[in-house]
1. Select from the stretch 116-150 those trypsin sites (Lys or Arg not before Pro) which occupy a DSSP coil region and have at most 14 other Cβ atoms within 10 Å, ordered by residue number.
2. With unit charges on the beta carbons (Lys and Arg positive, Asp and Glu negative) and the dipole taken about the Cα centre of the stretch 44-272, which residue among THR256, MET49, THR109 sits farthest to the positive side?
3. Based on the Cβ-Cβ distance of VAL118 and GLU62, what FRET efficiency does E = 1/(1 + (r/R0)^6) give at R0 = 25 Å, to the nearest 0.05?
4. Kirkwood hydrodynamic radius for the stretch 189-275: how many Å is it when counted over pairs of different Cα atoms?
5. With r defined as the distance between the Cβ atoms of ASP153 and ARG97 and R0 fixed at 45 Å, what FRET efficiency is calculated, to the nearest 0.05?
6. Which value at 222 nm does the chain reach when only helices count, each DSSP H run of 4 or more adding -39,500 (n - 2.57), with the total divided by all residues and rounded to the nearest 500 deg cm²/dmol?
7. Nothing charged except the Cβ atoms of Lys and Arg (+1) and of Asp and Glu (-1): what's the magnitude of the dipole of the stretch 34-148 about its Cα centre? Round to the nearest 20 debye.
8. Placing unit charges on C-beta atoms (Lys and Arg positive, Asp and Glu negative, everything else neutral), compute the dipole magnitude of the stretch 117-227 about its Cα centre in debye, rounded to 20.
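Nothing in this text is a laboratory measurement; each read-out follows from the coordinates by a stated rule. In this text the structure is predicted, and so the values were computed from the model without any measurement. Cβ atoms come from the backbone with ideal geometry, glycine included; neighbour counts cover every protein chain shown.
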Amino acid sequence: MTDNPYQDDRGNKDATITNTKGMSDEFPIRESGDAYPAPGGPFLTGEAMTGGYGKGPDILHECTVSVNKGEIAVIVGPNGAGKSTAMKAVFGMLDVRSGSVRLNGEDITALSPQDRVVKGMGFVPQNANIFTSMTVEENLEMGAFIRRDDFSDTMAQVYDLFPILKEKRHQAAGELSGGQRQQVAVGRALMTQPSVLMLDEPTAGVSPIVMDELFDRIIEVARSGIPIMMVEQNARQALEIADKGYVLVQGRNAFTGTGKELLNDPEVRKSFLGG
Ligand SMILES: Nc1ncnc2c1ncn2[C@@H]1O[C@H](COP(=O)(O)OP(=O)(O)OP(=O)(O)O)[C@@H](O)[C@H]1O
Ligand SMILES: [Mg+2]
C-alpha cells in the first residue's frame, strides 16, 4: 500500500498521526539523535524506579527502562518479573517511591496518566485494552478522547495501517479475533497522535503468523516517527526487531543491551531464550 502514512515515506506530507510536538521536523528513522532537549537523554525513560502497589512490598527495584527517538525498546523476562508493573510505573499508574520518569527531557514523575496522554504518551495495557461491547469505530473514537479537533484523518490512517479494522468497523470489538483485537487496541492508542507508544504484550495469544504481521505493523509505526516501548513474551522474535532490549528479573534490570547483543549473550540465551 503506497499511500500508507506509516511507511517509510519522507515525502509524505500527511504526518498527522505523528505528534511532532517536541520532535524534529522530519520523521526520525532509526537515527540516534542529537536533537534531544536534554542532550544524549532518551525520549522516554523510567529511571531507577522503585515501588509497588498500594502499601504492598516493592515490586520494582531501581528498575530502568528507556526508549530513544525513532527506536523500538523491548522488555522481556519471566512471568511475574515486573514487566507490566514497570510499564504502569512509566505511565503513572503506580506511585514510585523513588526514581523518576522523563519524557523528552521533562520530568513527568508527578503527572497523572491522563496528563501523560496529553503530553504525548500512548499506552496499550496487557489486559482489558478494548471496549468489547462497542464497535471497532467507537473504540477508535474513544481513543481520541483528548482531541477537540477533527480526528477523521487519523482514523483513516489507522484503517490504512490495519485494513481489517475498516472492514469490521461496525462490528462489536468483542467479536474480533485475538490479533484483530490487538489491532483495535493499538489503533485506539494511535488516535491521540502520541509521540511515544507503550505496548504491553501486543502479540499475546496470537499465532506466529499473526505475530509476524503485528510486528511488521509495529515497525511501521516506529518508522513513522513514534518510538515504541514494548513488553513481549515472544522474547527472541521481539529482540530481533529491538534497538534496545531489557531483561527484567524480580523487578530488577538483569541484562540490558541492543537486541542483537542480548540475542548473542550466552547467559541470556540459556536463561531466557531457551538456549
Ligand atoms: N494490581 C496488583 N496489585 C498487587 N500486586 C500486583 C498487581 N499486579 C501485579 N502485582 C504483582 O507484581 C509482580 C509483578 O507482576 P507483573 O504483572 O508486573 O509481572 P509481568 O512481568 O508483567 O508478568 P507477566 O509476564 O505474567 O505479564 C507479581 O508478583 C504480581 O503478583
Ligand atoms: Mg505482564
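1. Counting only loop positions with at most 14 other Cβ atoms within 10 Å, the trypsin sites (Lys or Arg not before Pro) in the stretch 116-150 are ARG147, ARG148.
2. Of THR256, MET49, THR109, it is MET49.
3. It comes out at approximately 0.30.
4. So the Kirkwood estimate lands at 13.8 Å.
5. 0.60
6. Rounded to the nearest 500, the figure is -9000 deg cm²/dmol.
7. Dipole of the stretch 34-148, to the nearest 20 debye: 140 debye.
8. 220
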